[in-house]
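Peer 1: Just passing along the structure, written as structure tokens.
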Amino acid sequence: MLSDCLAGLRVLDLSTYIPGPIATLWLSDLGAEVVKVEGPAGDPMRTMGPKDADGTTPFYKLANRNKTVVTLDLKTEEGKRLFGQMLGHADVMLDGFRPGVLDRLGFGEAELARLNPRLITCRLSGYGGTGPFANRAGHDVTYLAASGILAVNGPAERPVMTFPPLADHAGAMLAVNSILAALLRRSTTGKGASIDVSLTEAALSWMAGVLTINQRWGGPGREADLVNGGAAHYRVYRTKDGRFAAIAALEDKFWQAFCEAVGRSEWIHRHDEPLPQTALIADMEALFASRTLAEWNALLEPVNCTFEPVLEPHEVANHPHHRARDFVQVGEDGIIDVLLPILMEGARVRSRRPLSEEDAEAVLAGWR
């Protein structure tokens, strides 16, 4: 079963906000037992944003499903003692502190190796553990700014922030990949590992093509490249009722099918006009503004021409494809989970359970 892939694996999560908690959530989906260690003040994500009646945000609850949360003050001797014991029984620790914080608390590399030479430590930070930005503060939008992604997304007038946060989720994916690779190595060598993952570089790793384009030809300017708004056949358009539609007819056959379906066969030869295709974009804007989104969907959905309505959030869970795949799960408490979207031999991960809170002694009793 997919949910048993990491059965028996014990993970300590010392992270807050989105990236680390999402990474360990995905590990828990695969069967790992995750204990989230929070300081006396708790994870700031508990109260950042709209709150439920219990004073906790649904965002915090979502990111920490399947986990047990314990409160430890790592600045006290008792907190250090309990944490050291937990480290001795852990397989993986995700360190979401800024670089150097755990060292100052007495848990540097040498001490971690002494406590547990098989421990895999993944240090997940904004800019990585070395370099001039190692201790620089930041959040997703600044990581995207430093990676170059922000500069090439959005309308020509200005960059547009991504939501949900892109670097945070890219960093979570990279952390999981690196942890799984380290676990595979440990299975043959018996050695632990110390991993350094940067949210900025997780985003930067998506940028090789853009950097190469810039090196060779300059740009790409926003709304000037083939897939960032410069091509009329790969854009988002406003419909008559104020909704939006996406078209992605990169291939000639899809563009031809679209043109024929909308009664504009004379546009077929315009597919490869020089970028940015300002005149054709204006023609397409006028065309899409002539019908409602529902009317466009009725016309184009049967054509298979790379057209899709832009779904609003409230429409996603009930979309027929998402219902059929069954990764989006709506709970009675109003929490909507999106399970780890993997099928293994036709099986998906188990439904997630709400987080639980216990004391460290109770957790240790089960780990010994």
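The values are calculated or read from the model by the stated rules, or taken from the named source; none is laboratory data. From a predicted model like this one, the values you see are computed outputs, not experimental measurements. Every residue, glycine as well, gets a Cβ built from its backbone with ideal geometry; the counts of neighbours run over all protein chains shown. Ligands, DNA and RNA are stripped out before the accessible areas are found, and what is left, the full protein with its side chains, is counted by its heavy atoms. Shrake-Rupley method; radii C 1.70, N 1.55, O 1.52, S 1.80 Å.
Peer 1: What full-extension length gain, to one decimal in nm, is calculated for Arg118 and Ala224 as 0.36 nm per residue of separation minus the Cα-Cα distance?
Peer 2: Roughly 33.1 nm would be gained on extension.
Peer 1: Ignoring ligands, DNA and RNA, what percent of the accessible area of the range 58-137 is carbon or sulfur (1.4 Å)? Intermediate values should be presented prior to the final figure.
Peer 2: Values: 1960 of 3560 Å².
The computed percentage sits at 55.
Peer 1: Any idea how far apart Met48 and Glu301 come out in nm if each label point goes 7 Å out from Cα toward Cβ?
Peer 2: Each label point lies 7 Å from its Cα, and together they span 3.9 nm.
Peer 1: Assuming R0 = 35 Å, what is the FRET efficiency of Arg136 and Thr71, from their Cβ-Cβ distance, to the nearest 0.05?
Peer 2: 0.75
Peer 1: Out of the total accessible area of the range 224-263 (probe 1.4 Å, heavy atoms of protein only), what percent is carbon and sulfur?
Peer 2: Ligands and nucleic acids excluded, carbon and sulfur reach 51 percent.
Peer 1: Over the chain, calculate the relative contact order: mean separation of alpha carbon pairs under 8 Å at least 6 apart, over the residue count, as a percent.
Peer 2: 18
Peer 1: Between Leu30, Leu115, Leu343, which gets the highest mean-square fluctuation from a Gaussian network model of the chain, Cα cutoff 10 Å?
Peer 2: Answer for the Gaussian network model of the chain: Leu343.
Peer 1: Checking the table Lys61/Lys240; Lys51/Lys240; Lys67/Lys191; Lys61/Lys191 against a 32 Å threshold on Cα-Cα, which pairs fail?
Peer 2: From the list (Lys61/Lys240; Lys51/Lys240; Lys67/Lys191; Lys61/Lys191), the Cα-Cα distance tops 32 Å for Lys61/Lys240; Lys51/Lys240; Lys61/Lys191.
Peer 1: Then there's this: Under a GNM of the chain (C-alpha, springs under 10 Å), which listed residue has the highest mean-square fluctuation: Asp103, Asp54, Asp196?
Peer 2: Highest fluctuation among the options: Asp54.
Peer 1: Can you tell me how much longer the chain between Arg238 and Met344 gets when fully stretched, taken as 0.36 nm per residue apart minus their C-alpha distance, in nm with one decimal?
Peer 2: Length gained between Arg238 and Met344: 34.3 nm.
Peer 1: About its Cα centre, how strong a charge dipole does the chain have in debye, to the nearest 20, once Lys and Arg get +1 and Asp and Glu get -1 at the Cβ?
Peer 2: In total the dipole reaches around 760 debye.
Peer 1: Moving on to the next point. For the chain, what is the convex hull volume of the alpha-carbon atoms per residue, in Å³?
Peer 2: 179
Peer 1: Right, another one. Just add up the charged neighbours of Val210: K/R +1, D/E -1, any other residue whose Cβ is under 13 Å from the Cβ of Val210.
Peer 2: Numbers: positive: Arg216, Arg222; negative: Asp225.
Every neighbour counted, the sum reads +1.
Peer 1: Right, next: How high is the FRET efficiency between Phe163 and Arg81 when r is their beta carbon distance and R₀ equals 35 Å, given to the nearest 0.05?
Peer 2: According to the calculation, E is roughly 0.25.
Peer 1: Measuring with a 1.4 Å probe in the full set of protein chains, what accessible area per residue, in whole Å², belongs to the range 38-140?
Peer 2: On a per-residue basis, the range 38-140 sits at 47 Å².
Peer 1: Could you do me a favour and compute the accessible area per residue for the range 266-368, 1.4 Å probe, result in Å²?
Peer 2: 62
Peer 1: While we're looking at this one, here's another question. Given the -39500 (n - 2.57) contribution per DSSP H run of 4+ residues, what per-residue ellipticity at 222 nm results for the chain, rounded to the nearest 500 deg cm²/dmol?
Peer 2: -10500 deg cm²/dmol
Peer 1: Let me ask something else about it. Within the chain, which whole H helices from DSSP have a Cα span along their axis of at least 20 Å and a mean Kyte-Doolittle hydropathy of 1.0 or more, if any? Intermediate values should be presented prior to the final figure.
Peer 2: Details: long enough: 166-189 (34 Å, 0.74).
Counting only whole DSSP H runs, no helix qualifies.
Peer 1: What does DSSP give for the chain in terms of the percent of beta bridges that are antiparallel, rounded to the nearest 5?
Peer 2: Of those bridges, close to 35 percent are antiparallel.
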